[in-house]
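Asker: Please read through the structure below; I'll follow up with questions.
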Amino acid sequence: MNTKMNLLIMASIVTVLGIMIIPNTAVAEINQNNISVAPINEKISLETTTVILSVPENNTLPWGTVYGIPSDVAERFPVIIQFYKGDEAVHMAQVDTKGDGSYEYKFRVTNIDHNTGEVTKIFDGEYTVKIFKVIPNINPTI
């Protein structure tokens with residue numbers, strides 16, 4: 001009986017610790033990426049990536065980030081990032097790519113008035129994020 005009680009207590013502690021470790025930050029679901037490519041001309045195409053951004057109600061961090069890993073991008077074309085709440089565009093940004101083709105855009109999720117301590121949520125709930133990137137064509141017949 002004592003062994004069962006110890007096992008139950010240990011399982012409860014592990015469960016509580018597991019819940020505490022789960023972050024409560026803005027998260028874009030990477031496994032739900034939807035990528036499409038549309039040719040612009042014989043040299044370049046437009047790659048559109050669509051992800052879902054989820055900002056939890058109890059989010060405590062003031063910043064969110066949209067970033068892309070190093071990849072092949074067409075030179076001199078910025079990355080365009082658009083945030084939608086339902087069908088309504090609520091935020092847009094343009095960022096340059098780095099030399100390796102990666103990019104990063106940081107944005108405020110919440111604001112804090114330092115005089116009153118009042119927290120204002122800029123993003124709350126679910127958003128569709130569309131990322132537009134110009135890439136060189138790999139297929140020479142396009």
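Just so you know, all these numbers are worked out from the coordinates, no wet-lab data involved. A quick note: this is a predicted structure, and the numbers were derived from the prediction, not measured. Cβ placement follows ideal geometry from the backbone for every residue including glycine, while neighbour counts extend to all protein chains displayed.
Asker: Tell me, what ³J(HN,Hα) does each residue in the range 82-88 have, in order and in whole Hz, if you take phi through Karplus 6.51 cos²θ - 1.76 cosθ + 1.60 with θ = phi - 60° and put x for Gly and Pro?
Answerer: Values, residue by residue: 10, 10, 10, 10, x, 9, 9 Hz.
Asker: Around Thr48, what is the net charge, scoring Lys/Arg as +1 and Asp/Glu as -1 over all other residues with Cβ under 12 Å from its Cβ?
Answerer: Result for the neighbourhood of Thr48: +1.
Asker: Another question, if that's okay. Any idea how far apart Tyr67 and Ser36 come out in nm if each label point goes 7 Å out from Cα toward Cβ?
Answerer: Result: 2.9 nm between the two label points.
Asker: Also, quick follow-up: Within the range 24-136, count lysine pairs with alpha carbon atoms under 27 angstrom apart where the residues are 8 or more positions apart or belong to different chains.
Answerer: Value for the range 24-136: 14.
Asker: Let me spell out the model: positive unit charges on the Cβ of Lys and Arg, negative unit charges on the Cβ of Asp and Glu, origin at the Cα centre of the range 29-137. What dipole size does that give, in debye rounded to 20?
Answerer: I would put it at about 200 debye.
Asker: Hey, another quick one. Enumerate the amide H contacts of Val109 below 5 Å, restricted to partners 5 or more residues apart or on another chain; note that Pro and chain-start residues carry no placed amide H.
Answerer: Trp63, Gly64
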